[in-house]
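Working notes for the structure below.
The values are calculated or read from the model by the stated rules, or taken from the named source; none is laboratory data. Note that the structure is predicted; figures quoted are calculated from it, not measured. Here Cβ is always computed from backbone atoms with ideal geometry, including for glycine, and neighbour counts include all displayed protein chains. For the accessible areas, the whole protein counts, side chains as well, though only heavy atoms, and no ligand, DNA or RNA atoms are used. Shrake-Rupley method; radii C 1.70, N 1.55, O 1.52, S 1.80 Å.
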Amino acid sequence: MRGSTAYELGLDLILVIGSVLVLAAAPLSEPHWHDLAWFVAASVVIWIAGAALFRPYDREPQRSAVEDGAIAVLMTVPLIALAWIVGPGSGAIAAGLQAIILLPALIAARLGMRAREPRRQDVVIAGDGPLVPATARMLAASQRAVVRAQVDSRDLEKCLRTTPVDEVYVAGGGMQEAIRVCEQLGVAFALPAWILRIEHARPARRHGVGDGYLHFLHVEPTLQLDLKHIADRALAAAALAVLSLPLALVAALIKLDSRGPVFFRQERVGARGRPFRMLKFRSMVTGAEALRAAIEAQNEQSGPVFKIEKDPRVTRIGRILRKYSVDELPQLVNVARGEMSLVGPRPPLSSEVAKYEPWQLRRLSVRPGLTCIWQVAGRNQIEFAEWMLLDLRYIDTWSLRQDLRLLLQTVPAVVAGRGAS
C-alpha cells in the first residue's frame with residue numbers, strides 16, 4: 001500500500017470511528033460497551049470493504065471532484081444503514097445523525113486530499129526543437145503531469161499504440177501530422193498558444209492558456225458525464241447487493257460442473273489504453289487460453305477478434321452462462337471500481353488492439369462498458385468493421401438518454417440470447 005493511500009485510509013477510518021463515538025455520546029440511550037465495540041468493528045469492516053470495491057484512493061487523473069464526492073457518499077450509505085439498524089436510541093435519529101456527522105467530514109477529506117496531492121496526467125511531448133525541452137521543464141515544475149515519452153511527430157502513432165496517455169503536447173515540428181494522429185486515435189492534445197517560450201514575463205491577458213498551450217478534447221468532461229460515472233458506480237453496487245445470492249448459486253454450479261477457479265481474470269485494455277483486470281465467471285475449461293492455437297483456424301469472426309459458435313473449450317454450465325451473458329455479471333465489480341461503465345464499447349485484448357487500424361483506436365477514448373450498440377444489434381452476427389463503426393457512433397452521439405435506451409434494449413436481447421456464442 002502506497003504511503004499516501006495508507007494515510008488517506010487511516011484518516012477516513014478515524015472519521016468513521018469518531019462518528020460512531022460521537023453517536024454513542026449523544027443523549028439517545030445508554031449503549032452497552034460490547035454493543036459499541038461491535039458497532040465500531042462493523043463500521044471499520046464496511047468501510048474497508050467499500051474501499052476495496054470503489055477504490056476511492058486510486059490516483060485516476062480523469063476522475064472529477066464530483067465523482068470523488070459521490071464515491072464518499074456511496075461508501076457512507078451502508079454506515080448510515082448500520083446506524084439505523086443497531087445505533088443507539090431511535091434508528092431513524094441515529095441514521096440521521098450519522099449522515100450529518102460523517103458525510104460532510106468525508107467529502108471534505110476527499111476534496112482536501114485532491115488539493116493536497118493533485119493527480120498527474122500521463123503525457124507525451126511530440127515534436128522537435130527548443131520548445132520540447134522547455135515544455136518538459138514546465139510540466140515537471142508544475143507537478144501536473146508525468147512525461148512518458150518525447151517523440152518526433154512521425155513516430156507519434158507508434159508511441160500511442162503502446163503507451164497509455166491522457167494528453168499529447170504538440171511542441172513544433174510536424175504539428176499537422178501530430179494533430180491528425182491525435183484526432184484519428186481519439187487522444188486529447190495541446191497546441192502552443194505562442195511559439196516562443198517566455199520564462200518569466202506573462203501576457204497581460206492570458207485567455208485561459210496559463211501553461212502556454214491550447215487544449216483540445218474529444219470527450220469533454222461535463223456534469224452529464226459525471227452523472228454517468230456516478231450512476232455506473234451506484235447501480236453496479238446496488239446490482240451486486242441484489243444479485244448476491246444468485247451469483248453465489250452460479251459460483252457453486254461452476255465448481256460442481258468442472259475443476260478450476262470460479263472466476264476468470266483477464267487483462268483488457270481500458271480507457272486511454274490503460275490495462276485493467278476484467279472479471280468474469282469462468283465458462284471454459286482451465287487452460288483454455290493455451291488451447292486456442294489449436295482451434296484458431298475455426299474463427300468465425302472477421303478482424304482481430306476470436307469467436308466460434310461451438311467452442312469446444314466451453315463447459316456445460318459455461319454454455320448456458322455465455323448464452324445469457326451471466327458470465328459477464330462479475331464485471332459489475334469493474335464498473336463499481338470505475339474501470340468500466342454500464343454502457344460503452346467492450347474492452348478488447350491488447351493482442352487485438354495491436355492489430356487495430358488507426359481509426360479503430362478511437363474506441364479506447366472512453367471507459368469500456370458491459371453493453372453497447374453492438375450487443376443489442378446482434379453481437380456475434382455483426383462483422384468486426386461494422387462493430388467498430390457502431391462503437392464510434394456511440395462515442396460521437398453519447399447522451400444519458402441513449403445509455404438508458406441501450407440498457408433497456410439489452411435486457412430482452414440477453415433474455416433471448418440473441419447473437420451470443
Towards the positive end of the charge dipole of the chain, with charges on Cβ (+1 Lys, Arg; -1 Asp, Glu), say which of Ala271, Val77, Pro133 has the farthest Cα. Ala271
Over all alpha-carbon pairs of the range 84-124, lay out the pair-distance distribution in 10 Å bins, whole %, shortest bin first. 26, 27, 21, 16, 7, 2
Using +1 on the beta carbon of Lys and Arg, -1 on that of Asp and Glu, and nothing else charged, what's the dipole of the range 221-278 about the Cα centre, debye to 20? 240 debye
Quick check for me: using +1 on Lys/Arg Cβ and -1 on Asp/Glu Cβ, what's the dipole size of the chain about its Cα centre, in debye to the nearest 20? 460 debye
Among the aspartates and glutamates, which have Cα under 18 Å from the Cα of Lys158 when same-chain residues fewer than 8 positions away are ignored? Asp122, Asp128, Asp166, Glu167, Glu177, Glu183, Glu352, Glu357
Which of Lys280/Lys307; Lys280/Lys323; Lys255/Lys323; Lys228/Lys307 have a Cα-Cα distance over 23 Å? Lys228/Lys307
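How much space per residue, in cubic angstrom, does the convex hull of the C-alpha atoms of the range 45-134 take up? The partial results should precede the final answer.
Working: hull volume 9.2 nm³, N = 90.
It comes to 103 Å³ per residue, whole-number rounded.
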To check you understand DSSP bridge types, tell me what percent of the beta bridges within the chain (both residues inside) are antiparallel, rounded to 5. 45 percent
Expressed as a whole percentage, what fraction of the accessible surface of the chain belongs to carbon and sulfur atoms when a 1.4 Å probe is rolled over the protein heavy atoms? 63 percent
Stokes-Einstein diffusion coefficient of the chain, Kirkwood radius over Cα pairs, 20 °C, 1.002 mPa s, in µm²/s: 89 µm²/s
Interatomic Cα distance distribution for the range 221-297, bins of 5 angstrom, percent: 3, 12, 13, 17, 19, 15, 10, 7, 4, 1
For the range 279-421, what is the convex hull volume of its Cα atoms per residue in Å³? 111 Å³
Once Lys and Arg get +1 and Asp and Glu get -1 on their Cβ, which of Ala178, Val20, Val333 lies farthest toward the positive end of the dipole of the chain? Val333
